[in-house]
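One structure is given here, and the rest of the page talks about it.
The values are calculated or read from the model by the stated rules, or taken from the named source; none is laboratory data. Since we're looking at a predicted model, the values are computed, not measured. Note that we place each Cβ from the backbone using ideal geometry, even for glycine, and neighbour counts take in every protein chain shown. Note: areas computed on protein heavy atoms with side chains; ligands, DNA, RNA excluded. Shrake-Rupley method; radii C 1.70, N 1.55, O 1.52, S 1.80 Å.
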Amino acid sequence: MLKNSFWVKKLGFILISLSFFLIFFLFLSVFFSPSKIFSPPKISLLKIEKEKIPSVLEAKKRFTKSGPLVAFKKRKEVLKPFSSQKIIFYTNLERQKRNIPSLSQNQTLNLVAEKRIKDMVDFNYFAHESPSGNDAKTLAEKLGYSYLLIGENLAFGYFKDEKDIVEAWMKSKGHRENILNESYKEIGVAVKIVTLQKRKGYLAVQIFATPSSVCPLPDQNLLGKIKEMEKEKEEMEKRLLTKKEEIEKIEKEIEKIYEEATQILNEGDLLIKKGNELVKKGNEIYTQTGDEKEAERYWQEGEKLQEEGKEMIKKALSFNEVLREKSSKLEEKIKAYNQLVEDYNSFIKDLKRMIEDYNFEVKKYNQCLQSL
């Protein structure tokens with residue numbers, strides 16, 4: 001009768017209840033504390049304003065020309081060779097009279113002028129446009145002369161001397177504008193006695209140009225480095241996205257396990273409560289009626305539910321090891337992610353500085369082009 005006595009059952013009920021609540025609160029405080037396991041540091045990417053690299057203003061190469069100057073007068077004297085150097089001298093003299101900087105002679109432009117004479121003689125024409133396609137700008141490019149502006153003056157006919165040729169050009173509005181154009185920095189000249197279109201005379205060619213070096217291009221090495229860094233930035237962003245997705249996946253796994261463990265724990269708690277109620281009911285029956293058989297039925301059913309509840313709590317506690325492993329893995333992922341964020345933000349600052357430097361060069365280049 002001692003096994004089934006009211007005090008034994010009551011003592012059992014009290015001990016079981018105390019054990020359950022001790023285990024339950026220990027479980028909640030140690031293993032299911034959201035602040036320790038389920039609330040990893042909040043991760044946020046710094047908002048980076050993407051710097052747009054402006055397009056370099058394309059140098060629109062201009063070709064200035066005026067109608068070819070033809071000057072034929074009856075002359076008795078024999079034609080003698082003229083000097084291209086004297087034509088350059090008188091050309092610069094006209095500029096100096098107006099406080100315009102003199103033009104520097106350029107050997108490549110001299111060669112362009114010579115080839116223009118040869119092309120006109122070979123194809124028997126007198127014009128800026130060449131049947132062969134070898135006009136001044138095309139020849140300059142073929143010979144590797146990089147320019148921003150290029151112009152051409154042509155003259156064919158009888159002239160007293162080199163000064164006479166320059167004076168004839170100065171009397172023509174279009175030719176005069178080429179000679180006095182302040183944007184031009186270099187010149188090349190060729191002059192020869194030729195027979196062209198059944199007439200013999202002096203064929204003179206002036207090639208004016210502004211080399212590309214007048215407006216230095218923005219640092220192309222810097223631009224190349226920026227483009228490389230932009231590709232690297234895209235790769236870093238991809239890695240950040242991948243790592244963030246991995247973190248979110250683990251967080252969802254932890255949340256799912258936690259919810260499952262909590263549900264089992266709650267179910268175990270409910271079973272123990274029901275078991276306790278049955279034991280209590282059995283105690284009341286035994287106290288009031290002394291009917292041990294009837295009370296025993298409640299006690300057995302209560303003990304069964306209590307055991308089932310304890311097993312469920314034990315099962316819920318078994319999830320802790322998995323939760324610890326997942327949480328540890330999550331912390332490692334977050335640490336790696338945050339380190340990459342720091343590296344990314346530092347990288348972006350460097351990229352911004354480089355873009356700002358490049359943009360400054362672009363601005364100077366564009367201003368130079370617009371001033372021509």
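Some values worked out for this structure:
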item: Checklist (1) farther than 30 Å from residue 369 by Cα; (2) touching a Phe, Trp or Tyr at 6+ places or on another chain (Cβ under 6 Å); (3) assigned to a helix (DSSP H, G or I) applied to residue 137, failing item; result: (1)
item: Every residue from the stretch 83-129 that is charged (D, E, K, R), in a helix (DSSP H, G or I) and open to solvent by 70 Å² or more (accessible area, probe 1.4 Å); result: 86, 97, 114, 115, 118, 122
item: Every residue from the stretch 339-372 that is aromatic (Phe, Trp, Tyr) and open to solvent by less than 50 Å² (accessible area, probe 1.4 Å); result: 344, 347, 358, 365
item: Condition broken by residue 74, with the remaining ones in (1) assigned to a loop (DSSP other than H, G, I, E, B); (2) open to solvent by 30 Å² or more (accessible area, probe 1.4 Å); (3) modelled with pLDDT of 95 or more satisfied; result: (3)
item: Output for the stretch 324-344, where each listed residue is of a type in the set (Lys, Arg) and closer than 17 Å to residue 245 by Cβ; result: 326, 329, 333, 335
item: Residues of the stretch 165-185 satisfying the condition of being buried (at least 17 other Cβ atoms within 10 Å of the Cβ) and charged (D, E, K, R); result: 185
item: Among (1) surrounded by fewer than 13 Cβ atoms within 10 Å (Cβ to Cβ); (2) under 30 Å from residue 232 (Cβ atoms) - the single one residue 334 does not satisfy; result: (1)
item: Options 272, 257; residue that is within 30 Å of residue 332 (Cα to Cα) and surrounded by 15 or more Cβ atoms within 10 Å (Cβ to Cβ); result: 257
item: Unmet requirement for residue 188, which otherwise passes all of (1) open to solvent by 20 Å² or more (accessible area, probe 1.4 Å); (2) under 17 Å from residue 112 (Cβ atoms); (3) modelled with pLDDT of 95 or more; result: (1)
item: Qualifying positions in the stretch 263-298 - of a type in the set (A, V, I, L, M) and without any contact (Cβ under 8 Å) to a residue 60 or more places away in the chain; result: 264, 270, 271, 278, 285
item: Scope the stretch 293-325; condition of a type in the set (Phe, Trp, Tyr) and at pLDDT 85 or above; matching residues; result: 298, 299
item: Every residue from the stretch 215-241 that is touching a helix residue (DSSP H, G or I) at 6+ places or on another chain (Cβ under 7 Å) and not in a loop (DSSP other than H, G, I, E, B); result: 222, 223, 225, 226, 229, 233, 236, 239, 240
item: Residues of the stretch 143-157 satisfying the condition of being among the aliphatic types (A, V, I, L, M) and open to solvent by 30 Å² or more (accessible area, probe 1.4 Å); result: 143
item: Of all residues in the stretch 86-116 being hydroxyl-bearing (Ser, Thr, Tyr) and touching an Asp or Glu at 6+ places or on another chain (Cβ under 8 Å), the one that is nearest to residue 208 (Cα to Cα); result: 104
item: Matching residues, the stretch 130-142, being open to solvent by 60 Å² or more (accessible area, probe 1.4 Å) and either touching a residue at least 24 places away in the same chain (Cβ under 8 Å) or under 14 Å from residue 205 (Cβ atoms) (or both); result: 137
item: Residue ID - nearest to residue 340 (Cα to Cα), chosen from residues in the stretch 212-254 that are of a type in the set (Lys, Arg) and open to solvent by 80 Å² or more (accessible area, probe 1.4 Å); result: 239
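The rows are residues; the columns are (1) touching a Leu at 6+ places or on another chain (Cβ under 7 Å); (2) of a type in the set (A, V, I, L, M); (3) touching a residue at least 24 places away in the same chain (Cβ under 8 Å).
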position	(1), (2), (3)
179	no, yes, yes
187	yes, yes, yes
210	yes, no, yes
214	yes, yes, yes
218	no, no, yes
221	no, no, no
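Matching residues to (1) under 41 Å from the mean Cα position of the chain (by Cα); (2) under 15 Å from residue 208 (Cα atoms):
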position	(1), (2)
84	no, yes
118	no, no
147	yes, yes
156	no, no
